[in-house]
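K.L.:
Below you will find the structure I want to go over with you.
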Amino acid sequence: MKHLPILLAIICTFFFLSSFATAQVVKPTDRQVAVTIDDLPAGMADRLPAADITAMTTRLLTTLRDQKIPVVGFVNEKKLYKAGEVDERIKALEMWLDYGFELGNHTFSHASLNQVGLKAWEDDVIQGESVTKLLLAQHKMKLRYFRHPYLDTGRDLLTRHEAEAFLVERGYRIAPITLDGWDWMFAGVYEDAKKRNDTALQQQIVKDYLAYHDAVFAYFEQLSSRVVGYEPKQILLLHASNLEADHIGELLDVLRKRGYRFITLQDALSDGAYSLPDTYVGEEGTGWIEHWAISQGKIPHGAPVFPQWVIDKAKELHQSTGQVSANTP
Ligand SMILES: [Zn+2]
């Protein structure tokens, strides 16, 4: 009987080790994500002077280059055309290539396929190619990726398929997204707080931006397993903004803590998940894990709730901007 405690200890150790081994198998240790950044040269290019766009781009790209993160940036060329600033804005765009990143097309004017109709949208895709193609050619690269503005892929299947055939015909690979924490919504409020030197508000925004993204990553990891059967190579959607320029390093740390390493978009797209049946159509653009879920008749639920105070603040700002533009002819 005196050996009983030792025996128990051995048994407990065995079960502890075997449960640990099981946990190791279940928990993915090698998560992968490709980073993509939309609305170049800057989401708020209309409101930012070229010098600010250049400074923002420099900070953003320096962090990404130092941390060896492969990135594709998606361009709206309309944002280049501001009187007296065209050259400097094109230079800011060219920095992406000089720093070793790639550029893709996000249409000329950020037109929604769900709003403007197929023909006008196709024209916007073509008009969005000129400068980007030229810059890529100078760097011995080709324009090969397209990202739908607002993730709007068409209100009906016919439009969706015609638009996709058009893109393939022009040599594009569509760049889906699977991880999206609405950073643009935080970015607008951050921009205003930064302009007013409200550091307390900036800190509050950054805290919630990081926490919300962490929750979104956890949610999509679980939804991936439910819908795809495993966690595919993910594609993260971010936007060119001062928020990202100042804090993308902390967001990359959130991903690292979850076990992610950073891969190219091309590598991510080699995952078989991106060939899954996808018959999603709708008024609202959404990510591809939701596309696949809805195509399988599964309704996604349990998504983390976006901080309401950020939405309220963004609405307030939008209204005040609205008043300004209403008074401007
Ligand atoms: Zn966009």
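The values are calculated or read from the model by the stated rules, or taken from the named source; none is laboratory data. As the structure is a prediction and not an experimental result, all values here were calculated from the model. Don't worry about glycine lacking a Cβ; one is built from the backbone with ideal geometry, like all the others, and counts go over all protein chains shown. We work out accessible area using only protein heavy atoms, side chains counted, and drop any ligands, DNA or RNA first. Shrake-Rupley method; radii C 1.70, N 1.55, O 1.52, S 1.80 Å.
K.L.:
Quick check: the angle from helix 242-257's long axis to the longest principal axis of the chain, C-alpha only, nearest 10 degrees?
P.N.:
So the inclination is approximately 20 degrees.
K.L.:
I would also like to ask the following. Percent of accessible area on the chain owned by carbon and sulfur, 1.4 Å probe? Spell out each step's value before the answer.
P.N.:
On the way: 9580 of 16400 Å².
The computed percentage sits at 58.
K.L.:
Take Glu284, Glu231 and sort them by solvent-accessible surface of the protein heavy atoms, 1.4 Å probe, largest at the top. Mind showing how you got there, number by number?
P.N.:
Working: Glu284 135, Glu231 45 Å².
Sorted descending by solvent-accessible area, the residues read Glu284, Glu231.
K.L.:
For region 126-133, in order, what is each residue's ³J(HN,Hα) by Karplus, 6.51 cos²θ - 1.76 cosθ + 1.60 with θ = phi - 60°, in whole Hz (x at glycine and Pro)?
P.N.:
5, 5, x, 9, 4, 5, 4, 4
K.L.:
Spelling out what I want: for every residue of region 33-47, take phi, set θ = phi - 60°, compute 6.51 cos²θ - 1.76 cosθ + 1.60 (Karplus), and round to whole Hz; glycine and proline get x.
P.N.:
Using θ = phi - 60°, the values come out as 8, 9, 9, 10, 10, 9, 6, 5, x, 6, x, 9, 4, 5, 9 Hz.
K.L.:
Quick one: net charge of Ala175's neighbours, Cβ under 10 Å, K/R +1, D/E -1? Please report the intermediate quantities before stating the final value.
P.N.:
Working: positive: Arg144, Arg147, Arg173; negative: Asp38.
In short, +2.
K.L.:
Could you provide, to the nearest whole Å², the per residue accessible area of region 63-191 with probe 1.4 Å? Spell out each step's value before the answer.
P.N.:
Working: 5660 Å² over 129 residues.
Heavy-atom SASA per residue in region 63-191 reads 44 Å².
K.L.:
Another question, if that's okay. Starting from region 193-270, pick out the trypsin sites (Lys or Arg not before Pro) whose DSSP state is loop and whose Cβ has at most 12 other Cβ atoms within 10 Å.
P.N.:
The qualifying sites are Arg196.
K.L.:
Tell me which chymotrypsin sites (Phe, Trp or Tyr not before Pro) from region 96-165 have a DSSP coil assignment and no more than 16 other beta carbons within 10 Å of their own.
P.N.:
Tyr99
K.L.:
Straight-line reach only, C-alpha to C-alpha below 26 angstrom: list the lysines that Lys313 could link to, leaving out same-chain residues fewer than 8 apart.
P.N.:
Filter leaves Lys79, Lys194, Lys195, Lys207.
K.L.:
Counting only helical runs of four or more DSSP H residues, what would the 222 nm mean residue ellipticity of the chain come to if each run contributes -39,500 (n - 2.57) and the total is spread over all its residues? Mind dumping the intermediate values first?
P.N.:
On the way: 13 runs with 180 residues, N = 329.
One gets -17500 deg cm²/dmol as the mean residue ellipticity at 222 nm.
K.L.:
Could you list which residues have their amide H under 5 Å from that of Gly104, counting only those 5 or more apart in sequence or on another chain, with H placed in the peptide plane?
P.N.:
Residues meeting the amide H criterion: Gly73, Phe74, Val75.
K.L.:
In addition: Could you state the accessible area per residue of region 212-329 in Å², with a 1.4 Å probe and every protein chain left in place?
P.N.:
That works out to 48 Å² for each residue.
K.L.:
Based on the mean of other beta carbon atoms within 10 Å per residue, what is the order of 270-281, 285-296, most packed first?
P.N.:
Numbers: 270-281: 14.8, 285-296: 21.0.
Packing proxy ranking, top to bottom: 285-296, 270-281.
K.L.:
With θ taken as phi - 60° and the coefficients 6.51, -1.76 and 1.60, list the Karplus ³J(HN,Hα) couplings across region 160-171 in order, rounded to whole Hz; mark glycine and proline as x.
P.N.:
Once rounded to whole Hz, the list reads 4, 5, 5, 5, 5, 5, 4, 5, 4, 4, 8, x.
K.L.:
Right, here's the next one. Which value does Rg/Rh take for the chain over its C-alpha atoms, Rh per Kirkwood? Present the calculation step by step, with values, prior to reporting the outcome.
P.N.:
Details: Rg = 22.3 Å, Rh = 21.5 Å.
With Rg and the Kirkwood Rh in hand, the quotient comes to 1.04.
K.L.:
Could you work out the relative contact order of region 85-173? I mean the mean sequence separation of Cα pairs under 8 Å and 6+ apart, divided by the number of residues, in percent. Let's see the in-between values first.
P.N.:
Numbers: 88 pairs, mean separation 28.1, N = 89.
Rounded, it is 32 percent for region 85-173.
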